[in-house]
Amino acid sequence: MKKHIKILAFALVLVMLMLPLLSCKKKGGTDSDTTKDGAATVEDDGLPDVTYDNYKFRVLVRKSAVHQADFKVSSSSENLVDQAVYNRNRNVQERFQVEIEPIESSDANSLAEVSIVQAGEDAYDLICVFGRYFGSYSLSGLCVNWYDLPYVNMEANWWHQGIRETFTFANKVFAMTGDISHMSTASAYALIFSKDIFDENNIAYPYDDVRNGTWTFEKFAQIARTCAKDLTGDGNIELSGDQMGYATLGWGGPYDAFFSTGSRMVSTSAVGDPIITYANEKAYDGLTKFFNFAKESGQWLDPNDANTELEAAVIAGKVTMMDRPLQKIESYRAVKWNYGIVPFPKMDESVESYAANTAGSNNLLLVPITSKDLERSSVIIEALCQEGSKVVIPVYYDNIISLRTSQTVDDLEMLGIISKARVYDYGYYDQKLPIGGLLFKLAQTGSTATFYSEYNNVQGQADKILKEIMAVHTAS
């Protein structure tokens, strides 16, 4: 029976992900579009019927095995996701007669190569950079505007529309992601919950609440309080030996809570300019509620980026709910408890949609200004993204839910909701702006006492950098 459910889940995700391919065309395009030299385009996908004489399409990948996986994989790998990436690359290579050539950066962030692009050397066609450091390229004027890539269908569902909208200022966007990068999906935070503990407490799984828009922080907190248990009988509920209701880390819960209020650190004004919207009352109230809850007996907020004791408790099945990037689930292969996956709750029902905090360590994609043939680059990039949506993302989803979950169809649906809800807040992602780490600072004290004062300390610097950002975006 479980096997049949898994097959159904995989078929469902294929259908869900194929729908955009059937309904989306290049903006303004038709089935009979032609290239600039008159060549007929391939029907449906908006890409030209061209080949490139085995051109080596050079992708700068980070010196990080995990984050290289978007492009650099071995043909002999037994990992199903690696095999899917290999097949995607092969399909694009065969169709356009190119060779996808990953080039490893000399550092884990792809920042050592900034000087190569600055020197004007045509060394890369596409650059994968540590997400929060993309400003090292963009603020130096080293990135092509993605809207200038003629065959990249920026409004198609295989490109993440959240980042397109939030990173576009003055009709320019210099960093993108989408189904070309399954590691971007992997960086989305989800709320993982123990179905076993829910069952023991006769608590319904929150899937229907998610669907109905009624999955709120209040409901989440009440479940956490109910499920926290003093298993040792010493009168205290501690991470060591007891059952926790909820647990999180400094770069997780505080950011989840902030975004769950509908707040953003940087927003776009009515005229298309970036404006800082971090220090608002709605965010303050939501974070206060979150930190007060996290201090309760049975809940756990570690201010750091990792905690071995917490991981041991999670592996042992002693944590009811925890927020983790999806890629973290890979480390839960050996657990003996069943888990479910849902988005972090809205702070209340008035918030329009769910928000998935997205780890700043994921890949963002840049096209360097040294790239000599933007039409060719755009064809290959678009093809990789379209193929990723068909070939890689379904396998990645299936890999997550097949590890240890008993209701795959529900969890599969939740993965789609979480992926769409990914938040790429410019204020968090451009590390040069001094506001992205403010929530992590609050986690150190577990309080909003310095929420406004910490922002006031950096406001002048943040305004100055925003002006520099706009200067780059408005440059001719």
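Brief remarks follow.
- Loop-located GluC sites (Glu not before Pro) in region 55-116 (DSSP state other than H, G, I, E, B) with a sparse environment of at most 16 neighbouring Cβ atoms within 10 Å: E78.
- Note on Y55/R333: beta-carbon distance plugged into 1/(1 + (r/R0)^6) with R0 of 25 Å gives a FRET efficiency of 0.05.
- J(HN,Hα) series, region 198-215, from Karplus relation 6.51 cos²θ - 1.76 cosθ + 1.60, nearest Hz, glycine and proline x: 4, 4, 4, 9, 6, 9, 5, 4, x, 4, 5, 4, 4, 4, 8, x, 10, 7
- Mean Cβ count within 10 Å, highest first, over the residues of peptides 179-185, 350-356, 236-242: 179-185, 350-356, 236-242
- Highest average packing first - 270-280, 375-385, Cβ atoms within 10 Å: 375-385, 270-280
- C-alpha long axis of helix 2-23 to longest principal axis of the chain, angle in °: 40
- For region 366-423, alpha-carbon Rg relative to the globular expectation (2.2 N^0.38 Å, N residues): 1.58
- 3J(HN,Hα) along region 223-233: 4, 4, 5, 5, 8, 5, 9, 8, 7, 8, x Hz, from the Karplus curve 6.51 cos²θ - 1.76 cosθ + 1.60 with θ = phi - 60°, whole Hz, x for Gly and Pro.
- Applying 1/(1 + (r/R0)^6) with r as the Cβ-Cβ distance of N456 and A270 and R0 = 25 angstrom yields a FRET efficiency of 0.50.
- For region 75-202, the alpha-carbon radius of gyration amounts to 1.33 times the rule-of-thumb value 2.2 N^0.38 Å expected for a compact globular protein.
- Here is the list for region 276-350: trypsin sites (Lys or Arg not before Pro) lying in DSSP coil, each with at most 14 other C-beta atoms within 10 angstrom of its C-beta, are K295, R333, K336.
- Derived scalar couplings ³J(HN,Hα) [region 301-317; Karplus, 6.51 cos²θ - 1.76 cosθ + 1.60; whole Hz; x for Gly, Pro]: 10, 8, x, 8, 8, 7, 7, 5, 5, 5, 4, 5, 5, 5, 4, 6, x
- Once backbone amide H atoms are built at 1.01 Å from N, N109 has K63 as its partners under 5 Å, excluding neighbours fewer than 5 places away on the same chain.
- Dimensionless Rg over Rh [region 209-362; C-alpha; Kirkwood]: 0.99
- Pairs spanning more than 18 Å between alpha-carbon atoms, out of K219/K289; K318/K346; K441/K467: K318/K346; K441/K467.
- When the charge dipole of the chain is built from unit charges on Cβ atoms (+1 for Lys and Arg, -1 for Asp and Glu) and taken about the Cα centre, the candidate among M244, T177, A283 whose Cα reaches farthest toward its positive end is M244.
Every number in this text was worked out from the coordinates using simple rules, so none of it is lab data. Computed from a predicted structure; not experimentally measured. Backbone-built Cβ (ideal geometry, glycine too); neighbour counts: all protein chains shown.
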